[in-house]
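Worksheet: the structure to be examined is printed underneath.
Taken together, the values in this text are just the output of simple stated rules run on the coordinates, not laboratory data. Since this is a predicted model, take the numbers as computed values, not measurements. No Cβ is skipped: glycine too gets one built from the backbone with ideal geometry, and neighbour counts run over all protein chains shown.
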Amino acid sequence: MLQCNSVGVTLGGKEILSNVSFTLRQSAFTAVLGKNGSGKSTLAACICAQQKHTGQITLCGSDLASLPPRARAQRIAVLPQNVPTPNITVRELVSLGRNPYIGLSRRMGDEDFAAIDRALTRTDLGAFADRMLPTLSGGERQRAYLAMILAQDADVLLLDEPTTYMDIRAEAEFLQLLRALTAEGKTLLVILHDLTLAAKYADDVLILEHGRQTFCGTKEECLKKCAIESTFSVRRINVDGEVLFLA
Amino acid sequence: MKNERKTFRICSIGGITLMALMLFCALLLGVVLGSTKVSLAELWRGLFWKEEAHTASIILYYLRLPRVFAALLAGVGLSVSGVLLQSVTGNELAAPNIIGVNSGAGFCCILLLTFFPKISAALPFAAALGAFGTTLLIVSVAAKLNAFRGTVILCGIAFTSVLNAGISLLSLLDGDVLTAYNAFSVGGLSGVKFEQLWLPAAIIFTCLILSLVLSRRIHLLCLGDALAASLGVRVRALRLCCLLCASASAAAVVSFAGLLGFVGLVVPHIARRLAGQRTSHVLITSAFVGAILVILADLLGRVLLAPTEIPVGVIMALIGAPFFFILLLQRRDQGAAM
């Protein structure tokens, strides 16, 4: 699975990430938590091979940086924090997820069309397939992008704050969908800013503070060690068996 | 949905046939109309019997046919260049001049006219060399600064300012140079010969084919660099390739038509409205629309004040500017990206 060994980034003499090491558990939902500027997005950029770094990031033993872009894209799919809204249909957007499997001939085969239909069905977007992307709500648009990275058929999904612009209901539905994907064998690394949601949906937690990894382990361990409380200076309460974090 | 229906219509076999038919009509009009009219019968005789001494044959082979072919090439070359530039910079106002095509070509021309006035026949080559060289310089600096998308536009502005200052300085030194440069900078197709067109034609159609081959990857750039890269696209290499194609295509046009403005800016917008956002569709539609537009603009320039000719560059600016303004107004009213 995805493994980071002593990953570090220094930009303009400033250390952005330092000695981050962890291994993702297969078919688990790992939440990456940290205050603003803690290095979460930089870590995501390193995993996507878009940021030069020290240390090594491997996927099933292969160095990610040395993999050709298309081979890497077949194994790890990424949904960045800020995505544009091009004037294309949902189906067209989802079909772009098949790019790693299509050569310069640009022809899509039955397997590609089947993957697109599967992704649309899995995200419950079948009825929206012919809608133009700008006409969708924020939550629907984000689901369309999720369908695109599902069509990519990669085992590891990396999502950077995917629920930022969603209302509470859309956020819950989206995270439930992500949670269900782990049951189907997907391994998820999700950067989240909502601590309560992380405690509710994640299996594992990685906490970054000032570019350093302060905790990495299961959610239960995290709650037991009060790692979230000490990093974010919040208090935890339990309501009806659910964990809530309050400032 | 509305947009999708349009996309289907224009990019179906029927749509392409319609555009090809319109292009054929424009070519036909461009050949038969002008200060001297050529009837269809004369055109037929001239084309297939090639009577060397016949006036219609002379007009056809030495004036009209090279000219409409040049207009077709100019339309295709500049439109394809515009589509590529707008796609890779993510800027709808991008046109060949932002990557230094105009300033580079202009500077090299004025250098040639100043220091080697006797070899003014080499003007097209100097223009192409200047256009391509400046683009390479801008692209290399932008690539070195490691922030390609926005930086290439800023580098273009900086280099254009320096080269324009050079043009002004050199033209101040010699009034004759300024006159010759002005004629070139307006852009026109008068006096163009077939021999001048084969190499630009090869460059333009090679760039078009390469762009079509890469069109799916280019289309992915609309998702932003991070997503495109995560989908397996070598973003920087693709961008560099597209910029070089755009530059080569525009430089090839500059070599025989001078600095023809507005085509590279306006035509991609028209094509997007007709064909939707898919890059392959936009490229094909732009090539047809660009060719038709330049052929008709050149024809208008020939017949409007016949026998006096208005350069096609002037007609394009007169048509292009208001047309572009209307497009912008429609876009504002629709409240959506074109």
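Would you please classify the overall shape of the protein assembly as shown from the alpha carbon gyration tensor, given that a ≥ b ≥ c denote the square roots of the eigenvalues, rounded means a/c under 1.5, and beyond that prolate means a/b larger than b/c while oblate covers the rest? Prolate is the answer for the protein assembly as shown, as a/c is 1.5 or above and a/b outweighs b/c. In this rough spin-label picture, where each label sits 7 Å from Cα along the Cβ direction, the B:Arg234-A:Lys224 distance is 4.9 nm. With a Förster radius of 35 Å applied to the C-beta separation of A:Thr23 and A:Glu242, the computed FRET efficiency comes to 0.80.
For the pair the stretch A:168-247 / the stretch B:239-255, the C-alpha centres are spaced 51 Å from each other. Extension gain, B:Gln196 to B:Thr308, is 37.9 nm, computed as 0.36 nm per intervening residue step minus the present C-alpha separation.
Given only helices, namely DSSP H runs of n ≥ 4 each adding -39500 (n - 2.57), what is the per-residue ellipticity at 222 nm of chain A, to the nearest 500 deg cm²/dmol? Write out the running numbers ahead of the final one.
On the way: 9 runs with 84 residues, N = 247.
That comes out to -9500 deg cm²/dmol.
The local environment of B:Ile310, defined by Cβ-Cβ distances under 12 Å, has a net charge of -1 under the rule Lys, Arg +1 and Asp, Glu -1. Is the shape of the stretch B:66-329 best called rounded, prolate or oblate, per the rule: a/c under 1.5 gives rounded, else a/b larger than b/c gives prolate, else oblate, with a ≥ b ≥ c the square roots of the Cα gyration tensor eigenvalues? In terms of gyration-tensor shape, oblate.
Annotation for the stretch B:74-129: chymotrypsin sites (Phe, Trp or Tyr not before Pro) lying in DSSP loop with at most 16 further Cβ atoms inside 10 Å of their Cβ do not exist. Pairs of Lys residues in chain B are counted when their Cα atoms are under 25 angstrom apart and they lie 8 or more places apart or on different chains; the count is 4.
Within the stretch B:159-226, which trypsin sites (Lys or Arg not before Pro) sit in a loop by DSSP and count at most 13 neighbouring Cβ atoms inside 10 Å? Mind showing how you got there, number by number?
Working: sites: B:Lys193, B:Arg216, B:Arg217; in loops: B:Lys193.
Taking the stretch B:159-226 and a limit of 13 other Cβ atoms within 10 Å, the loop trypsin sites (Lys or Arg not before Pro) found are B:Lys193.
List the GluC sites (Glu not before Pro) within the stretch A:143-186 that fall in a DSSP loop (any state other than H, G, I, E or B) and whose Cβ has at most 15 other Cβ atoms within 10 Å.
Values: sites: A:Glu171, A:Glu173, A:Glu184; in loops: A:Glu184.
Hits after loop and neighbour filter: A:Glu184.
Shape of chain A from the C-alpha gyration tensor: oblate (a/c of 1.5 or more and a/b not above b/c, with a ≥ b ≥ c the square roots of its eigenvalues).
Ranked by the mean number of other Cβ atoms within 10 Å of their residues, highest first, the peptides B:151-161, A:149-159, B:311-321 come out as A:149-159, B:311-321, B:151-161. The stretch between B:Ser168 and B:Val213 holds 12.1 nm of extra length on full extension. This uses 0.36 nm per residue minus the Cα-Cα distance. Model label sites at A:Ser6 and B:Leu47, defined 7 Å from Cα along the beta-carbon direction, differ in position by 7.5 nm.
Longer than 20 Å from Cα to Cα, which of A:Lys200/A:Lys224; A:Lys14/A:Lys52; A:Lys186/A:Lys224; A:Lys186/A:Lys225 are they? Say none if no pair is. Flagged as over cut-off: A:Lys186/A:Lys224; A:Lys186/A:Lys225.
Could you work out, residue by residue across A:74-86, how many beta carbons of other chains sit within 10 Å of that residue's beta carbon, and then give the average as an integer?
On the way: counts 1, 0, 1, 3, 5, 3, 7, 1, 3, 4, 6, 3, 7.
Taking all residues of A:74-86 together, the mean is 3.
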